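The values are calculated or read from the model by the stated rules, or taken from the named source; none is laboratory data. Quick caveat: nothing in here was measured; it's all calculated off a predicted structure. Note: ideal-geometry Cβ built from the backbone for every residue, glycine included; neighbour counts use all protein chains shown.
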Amino acid sequence: MAKSVLVIGGGPAGLAAARTLGKLGVPTILIEKEQKLGGRPVLEDYHTLIPRKMTPQQVIGPFIEEVQNNPNVDVKLGVELESCEGEAPNFKVKLSNGEEHEVAAIVVATGFQHFDAKRKGELGYGIYPDVITNLELEQMFSREGKLYKPSNGQLPKRVAFVFCVGSRDRQLGVTNVHCCRYGCALSGLQGTEIREKYPDVDVFCYYMDVRTYGTWE
């Protein structure tokens, strides 16, 4: 019987799983298709993470360091799962680098895709340059350290956040009917950051109802 575990995905969830398994002494194979660990918060330059307003490096960095330094965890970057046969606790997996392994369990932590706001054309994303997504605002803060209108580079007088774009929307199909569990808290954090840094900028939030989780409820 195989005794090792395969973790697919080197983002926050995959890192947490690999770290825990490694601490328990379980031989673990962690594969990540990108050439860098950390997932979207690191790869896409998130500014801060909720709820503590810490940078991705501050939050995820210690996880990466622990995983990379744990002898029980074998990290493979630029590698994907090519095939999987069998059943627990005897899986036979083949990786894109040609390696084959027998594992007792597989942890799927493949992350998520950001919603394409162009699918909600009535909001003007992709039409008006000053309509941006939460991700683009995060990158604006992290890469350039300031708020500005993409159309002319000037500071806006008013900023509006439209909540739940792409979530809880039956018109988009069955994959978008649920709450994303993140958008309300993120928009609230971003709005607060704007008000703290630019007290003369008015911030408006448009929502069905606000759903925050955990300590942000």
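With respect to Pro56, is the statement that it is crowded, with 19+ Cβ neighbours inside 10 Å and modelled with pLDDT under 95 true? Walk me through it before giving the result.
Values: crowded, with 19+ Cβ neighbours inside 10 Å: yes; modelled with pLDDT under 95: yes.
Here the answer is yes, as Pro56 does meet what is asked.
Looking at the structure I just gave you, is Lys94 part of a strand (DSSP E or B), in contact with a Ser or Thr (Cβ under 7 Å, 6 or more places away or on another chain) and modelled with pLDDT of 95 or more? So Lys94 passes the test.
Would you check if there is a residue in region 162-174 being in the same structural domain as Gln190 (by TED's automatic domain parsing), surrounded by 12 or more Cβ atoms within 10 Å (Cβ to Cβ), among the β-branched types (Val, Ile, Thr) and part of a loop (DSSP other than H, G, I, E, B)? Among the residues of region 162-174, at least one is in the same structural domain as Gln190 (by TED's automatic domain parsing), surrounded by 12 or more Cβ atoms within 10 Å (Cβ to Cβ), among the β-branched types (Val, Ile, Thr) and part of a loop (DSSP other than H, G, I, E, B), which makes the answer yes. Based on what the data block shows, is Ile64 touching a Ser or Thr at 6+ places or on another chain (Cβ under 9 Å) and at negative phi? For Ile64, the condition - touching a Ser or Thr at 6+ places or on another chain (Cβ under 9 Å) and at negative phi - is not met. Screening Val93, Val103, Val108 for residues that are more than 30 Å from Gly191 (Cα to Cα), under 21 Å from the mean Cα position of the chain (by Cα) and surrounded by 12 or more Cβ atoms within 10 Å (Cβ to Cβ) leaves exactly one candidate, Val108. Assess whether Phe163 counts as being under 30 Å from Glu82 (Cβ atoms) and under 18 Å from the mean Cα position of the chain (by Cα). No; evaluated as a whole, the condition is false for this residue. Within region 167-197, the set of residues being of a type in the set (Gly, Ala, Ser) and either farther than 18 Å from Ile50 by Cβ or touching a Ser or Thr at 6+ places or on another chain (Cβ under 6 Å) (or both) comprises Gly173, Ala185.
Being at pLDDT below 95 and either within 30 Å of Arg181 (Cα to Cα) or not assigned by TED's automatic domain parsing to the domain that holds Val174 (or both) is true for just one of Glu65, Glu87, Glu99. Which residue is that?
On the way: Glu65 fails: at pLDDT below 95; Glu99 fails: at pLDDT below 95.
Selected residue: Glu87, the only one of Glu65, Glu87, Glu99 that is at pLDDT below 95 and either within 30 Å of Arg181 (Cα to Cα) or not assigned by TED's automatic domain parsing to the domain that holds Val174 (or both).
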